[in-house]
2 protein chains.
Amino acid sequence: MTPKKSGGPKPGGERRGRGRPACFERETALCAAMRLFWERGYDGTSFDDLTGAMGISASSFYNTFGSKEALYHEAIEAYLRVAGGWFFDALAREGGTRAAFDALMAAAAVEFTRDDQPAGCMISTAATQCSPGQVRVRDLLAGQRTRADAALATRLERGVADGDLPESTDANALAAFYGSLLRGMAVQARDGASRERLREIARIGMLAWPDEGA
Amino acid sequence: MTPKKSGGPKPGGERRGRGRPACFERETALCAAMRLFWERGYDGTSFDDLTGAMGISASSFYNTFGSKEALYHEAIEAYLRVAGGWFFDALAREGGTRAAFDALMAAAAVEFTRDDQPAGCMISTAATQCSPGQVRVRDLLAGQRTRADAALATRLERGVADGDLPESTDANALAAFYGSLLRGMAVQARDGASRERLREIARIGMLAWPDEGA
DNA sequence: GGATTTATGGAGCGATGACACCAAAAAAAA
DNA sequence: TTTTTTTTGGTGTCATCGCTCCATAAATCC
C-alpha cells in the first residue's frame, strides 16, 4: 500500500484499479439502458434486452449495476440529469413567471418529439398500471411525478411572491394543472402526435394562465 | 347430423344448448377481468391472476375467451360500455358546447376517483411503454385514444357550426388539449390525487376555453 | 516475469409466463 | 335410461424471466 501509484490514486472519478479494466464505459452503458427503459418501460425491458443494448455480459451487468431494479433507479437519475434538464432549466430561467411556464411548455413540445430520443417522457407515462410485485417501481415513479409537481408549485409560489400572479392563486392546483397537461402531452407524443400539435396544446394551456384581474 | 334441432337455434342471446351449462356468468367474469386489467395493465396481469379473479379454470378461460389478448379486447369494449359511458354521455348531452365540456371534465374528476373502481382511466394510461412483442396491444390502445380525441373534435366542430365557438377555432388542436388534460388527470388520479384536486384541474382547464372575442 | 486483482463469457438455476391436452362430470334431449 | 353435448379440474409443455456461479482472460504491482 505504498503511495507509489502509477499515475494518481483517483484522478476525478476514473478508478485506476489493479485488475483488468472494464471494456465498456459505465455512462455509455447506462445511457443505453435509459433509452431502452424510456422506450419500453420497466417490465417491457428484459435482462437480455438490456445486456444486448449495453453490449455487456450478464455477469458484468450484475457486478456493475447490482440488479435490474437498481439499474432502473440509476436510469431515472440519468434521465433527469441528461434528458430532463430542460424542465429544471425552464423553471430556473430569468424573467417573469409566465415567461418561465411559456418556455417550459414550449420546451416540452420540442423535447417530447426529438428524433434522436424516444418520444414523450420517461417518467410521466411510466408504471401507471402494474402488478403487485412492482409496487416499488410504481411508487418510485409516482414519487418523481409528485416531485415534479412540487417544483412547479414552488416556482408558482415565487411568482405570487414576486407579484407575477394574483395573491388568490392556488399554486398547488395550478401546478397540478400544468403537470397534468405535460403528462397528457407525453402520451400524445408517444401516440405519434407531431411537434406542432404539441406546441398547439401548450399554447392553449397558457390561455388558462391566471388573469391579473382574477 | 340430422337437422332436427331441438327447439330454437338461438333464442336471443341466451344460449340454451344441450350440454352442461357453465357455472359462471360470462359478463360477470368479463367485468372481473376488466377491473384487473384496469388496475394492473395488460402484462401486469397474469393468466393465473385472471382465472383466479374470474373464478374459472384455465380450460374454461381458454374455450370461453380464446386467449389473454382476445379477453383484453373484450375488456376494453366492456370498459367503454360499462365504465366509460360518462364520456360519451357528456358529449351527447343537450345544451351548449361549453356546458358539455364543463360536464365532461367534471365527470372525469368524479369517475377517476370512485372508490368502487380502480383509479383513473383504463385506456388513457395503458401501454404507453411496452416491449416489441406487445405492439399490437399498444396500437389498440393508441387507436382508442385517437378515437376519443376524434370524438372531442367532432363535438367541437358542431360547436363551431352552432355558433358556440369562434369560426377561427382549431377543433383538432382544442380536442387534443382536452384529451391531453384528461389523460394527465388520469395519471394524477392513479398517483392518488383527490377528487377535489382533479375538480380544480378541470376547472382551470376550462379557463382555456376559446373566448368569443378571439 | 510472477503474483494479484478484477472483468469476462458461458452455462445453468428456480420461478413464472401463457397455453394445451385429456379424462371425468354434468345436464339437456331422446 | 341412454345418448349427446359441453364444461371442468388437473397436469404437462415450452419459452422466458431475472439472476448466479465458475473457470478463464487480461490488466497492474512487485
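The values are calculated or read from the model by the stated rules, or taken from the named source; none is laboratory data. All figures in this text were calculated on a predicted structure; none of them were measured in a lab. Neighbour counts run over all protein chains shown; Cβ positions are idealised from the backbone, glycine included. In case anyone asks, the SASA skips ligands and DNA or RNA and just uses the protein heavy atoms, side chains included. Shrake-Rupley method; radii C 1.70, N 1.55, O 1.52, S 1.80 Å.
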Next item on the list: All but one of (1) among the hydrophobic types (A, V, I, L, M, F, W, C); (2) surrounded by 21 or more Cβ atoms within 10 Å (Cβ to Cβ); (3) touching a residue at least 60 places away in the same chain (Cβ under 8 Å) hold for B:Ala151, so report the exception by its number.
Entry: (2)
Next item on the list: Give the residue that is farthest from the other protein chains (Cβ to nearest Cβ), with candidates limited to residues of segment A:151-191 that are over 20 Å from A:Ala208 (Cβ atoms) and of a type outside the set (D, E, K, R).
Entry: A:Ala161
Check: Got a number for residues in segment A:106-139 being more than 15 Å from A:Trp86 (Cα to Cα) and away from chain B (no Cβ under 12 Å)?
Finding: 3
Note to self: Residues that are within 16 Å of DNA strand C (Cβ to nearest atom) and either open to solvent by 50 Å² or more (accessible area, probe 1.4 Å) or under 23 Å from B:Leu181 (Cα atoms) (or both): does segment A:107-129 have at least one?
What the structure shows: yes
Item checked: Selection from segment B:89-100 of residues that are touching a residue at least 24 places away in the same chain (Cβ under 8 Å) and either assigned to a helix (DSSP H, G or I) or aromatic (Phe, Trp, Tyr) (or both) -> B:Leu91, B:Thr97, B:Arg98, B:Ala100
Notebook entry, point to check: Across segment B:32-75, which residue is farthest from A:Pro132 (Cα to Cα) among those that are among the basic types (Lys, Arg) and either out of contact with any helix residue (DSSP H, G or I) (no Cβ under 8 Å at 6 or more places or on another chain) or open to solvent by 50 Å² or more (accessible area, probe 1.4 Å) (or both)?
Noted result: B:Arg35
Check: In segment B:14-46, which residue that is within 13 Å of chain A (Cβ to nearest Cβ) and in a loop (DSSP other than H, G, I, E, B) is nearest to DNA strand C (Cβ to nearest atom)?
Finding: B:Ser46
Margin query: Here's a check for you: in segment B:154-205, which residue that is buried (at least 22 other Cβ atoms within 10 Å of the Cβ) and of a type in the set (S, T, N, Q) is nearest to A:Ser194 (Cα to Cα)?
Written below: B:Ser180
